[in-house]
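The values are calculated or read from the model by the stated rules, or taken from the named source; none is laboratory data. Note that the coordinates shown come from a computational prediction; the quantities given were computed from them, not determined experimentally. With ideal geometry, Cβ positions are generated from the backbone for all residues, glycine too; neighbour counts draw on all protein chains shown.
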Amino acid sequence: MFDTIVCMSDLVPQYAWINGSLQPLREAAEIVELRRAVESFACARRAERHPVEVGEDLRELRHLIDVLELDFSRRAAAYAATDQAEREGSATPQDWIRHECRMSGSAADAAICAGEQVRALPQGEQALEAGRIGFGHFTLLARTARALTSSPSAEPFDERPLLAQALAHSVGRFRHDCAHARHAADAQAALAEHVDVVEARYLELRTGEDGAMFLRGFLDSVGGATLRTALEPLARFAGAEDTRSRGRRLADALVELSSHALDSGAVPATRNVRTHLQVTATAETLSGAAGSPAGELEHAGPVPAATVQRLACDAGVTRVLLDARSAPLDVSRERRLPASATRRALLARDRGCVWPGCERPAAWTSAHHMVHWARGGKTELDNLVLICHRHHWMVHEGGWQLARHSDGTIVRIPPLPERRPTARAPDGAAA
Ligand SMILES: [Zn+2]
Ligand SMILES: [Zn+2]
C-alpha cells in the first residue's frame, strides 16, 4: 500500500511525499500510452463521413468511453479504500474525486460504487466490455447490488435476473427495473427512501422589489407527478393567437390553477371569510380615467388599472366613501356578480370560454363585462360573456377587445401595435 504523507502537486506537480521521502510521481505506463493515442486521435484529420457511418462511429466511441469509465471506477474504488483523500484535506473520497476530476457528486459516487461492486458483477462486467450494456446500466446494477447487500445478514447478490433486463431495456427503463427489484427485496427500505425524498420537498417564493416573484423548489416523484398532471392540461396551446413558449404556458397554468382554487372556494377559509385576492383602488382607477393612481393588490403592491378592472370584472365590491381627511364616511357592498338566474343563462348560452378555439369549460371561466361596470356597463346577459383566465387577461391587460355582432356572434379586435405589451424576462431583456 502507499503511504503518502503530503502531496505537493500544487507546488511541484511531478513530486510527492511517498513513504517518507520526496519522490517523482510516476505515471502509469498504460495511461501514458492511452494519452498518446487520445492526443493523436484528437489531432487526426476527419474525413467526410456518411450519417450512417457517423452513427457507427458514435456507437463505437461510446463503447470505448464506457470501457474507460469502468476502468476509472475500479481505480476510484481502490482510491476510496485508502485514507488518501482525508490526508489531502477532503471530507470523503467522493469529495476528492468530485473536485479533482471535475465531476458531479453523484457521478463520483456512481464511479466508486461501480468499482466497489465490479467483483460481485462478473457477468455485468463482461456484458459492458462486450458492448452489450452501457456504463449507465452498470452503475444502476452496482447501486442496486450495494443497496441489497448493505445489511450483514443479506444474501449474496444474484446479478442474472436484472442483467437480463439491462440487456433488453434502455437506461431509463432499467432504472425502473432496479427500483422494482429493490422494492421486491425490501419494501420497508424502499418506503423509507421515498419518505426521505418527500421530507426534502420545499418551495421558496421570493418577492422582488416590484412585487414580482421568483420560485425555486424541489418535489419528490409523486409530488412532481401530481403537479405535472394538474398543469399539463392547462398548459396546452389555448385557442387562436397562442404563441407562448412552453415555459410561459406552464407558468400561466400555475397562476390559472391558483386563481381557480380561489374562485371556486377550494382554498380553506380564514376566520370564516372565503380566501380571495384583495385589491384596493379609487373609482378613477377603476374607470380607467387619465391621471389616476395604480391599484393596490395585497402581496403584490401597485398594479395597473387594467388588472384592477379584470379582477373587479366578476367580483364582489365594497365601496368605501372617504371624506377630505380620508376617514371613511360610508361603507357599502355592491353587487357586480351576475344574479344566479343570469349566471345560469350565461352558462347555458356560452358553455365555456367564448374565445375561438379555446376549450376551457364553464367552471374555469369568469363573467366578463364587455362594457365594464365601472364605465356604466350592465351586469346583464347581453353585456356578459364567459371567458377563461388567459383570455380574460388578454382582453384587459393584453389590449384585445371583445364585442357582440348584431347576429350574436363574438368578434375579437386585436390590440393596436403600440398597445401590445412587451414581456420582460427576469434579466431585463425584452422578450
Ligand atoms: Zn373582464
Ligand atoms: Zn379561453
(request) Go through region 208-237 and give me each residue that's closer than 29 Å to Cys388 by Cβ, surrounded by 10 or more Cβ atoms within 10 Å (Cβ to Cβ) and in contact with a Phe, Trp or Tyr (Cβ under 8 Å, 6 or more places away or on another chain). (result) Gly217
(message) So in region 309-344, with the set limited to residues that are farther than 15 Å from His368 by Cβ, surrounded by 10 or more Cβ atoms within 10 Å (Cβ to Cβ) and among the hydrophobic types (A, V, I, L, M, F, W, C), which one is modelled with the highest pLDDT?
(response) Ala339
(request) State yes or no: is Ala147 within 36 Å of the chain's Cα centre (by Cα) and of a type in the set (A, V, I, L, M, F, W, C)? (result) yes
(message) Of everything in region 375-405, what is assigned to a strand (DSSP E or B) and either touching a Leu at 6+ places or on another chain (Cβ under 7 Å) or within 13 Å of ligand 2 (Cβ to nearest atom) (or both)? Give them in sequence order.
(response) Leu384, Val385, Leu386, Ile387, Cys388, Leu402
(request) Filter region 351-370 for residues that are more than 9 Å from ligand 2 (Cβ to nearest atom), surrounded by 13 or more Cβ atoms within 10 Å (Cβ to Cβ) and either outside the structural domain of Ala341 (by TED's automatic domain parsing) or not in a strand (DSSP E or B) (or both) and give the result. (result) Ala362, Met370
(request) Kindly check whether there is at least one residue in region 240-258 that is part of a helix (DSSP H, G or I), out of contact with any Asp or Glu (no Cβ under 6 Å at 6 or more places or on another chain), exposed (fewer than 13 other Cβ atoms within 10 Å of the Cβ) and in contact (Cβ under 8 Å) with a residue 60 or more places away in the chain. (result) no
(request) Could you please tell me which pairs satisfy a Cβ distance under 9 Å, a separation of 6+ or placement on different chains, a first residue in region 356-371 that is on the phi > 0 side of the Ramachandran plot, and a second residue that is outside any strand (DSSP E or B) and away from ligand 1 (no atom under 15 Å from the Cβ)? (result) Gly357/Phe237; Gly357/Ala238; Gly357/Gly239; Gly357/Ala240; Gly357/Glu241; Gly357/Asp242
(request) Kindly list, by first and then second residue, each pair from a residue in region 297-324 that is under 14 Å from Glu284 (Cβ atoms) to a residue that is more than 13 Å from ligand 1 (Cβ to nearest atom) and part of a helix (DSSP H, G or I), limited to pairs with Cβ atoms under 6 Å and residues at least 6 apart or on different chains. (result) Ala305/Thr285; Val308/Thr285
(message) Would you confirm, using the coordinates I've provided, whether Ala281 is under 30 Å from Glu241 (Cα atoms), surrounded by 14 or more Cβ atoms within 10 Å (Cβ to Cβ), away from ligand 2 (no atom under 16 Å from the Cβ) and assigned by TED's automatic domain parsing to the domain that holds Ala261?
(response) no
(request) Mind listing whichever residues of region 178-212 are part of a helix (DSSP H, G or I), outside the structural domain of Leu148 (by TED's automatic domain parsing) and among the charged types (D, E, K, R)? (result) Glu193, Asp196, Glu199
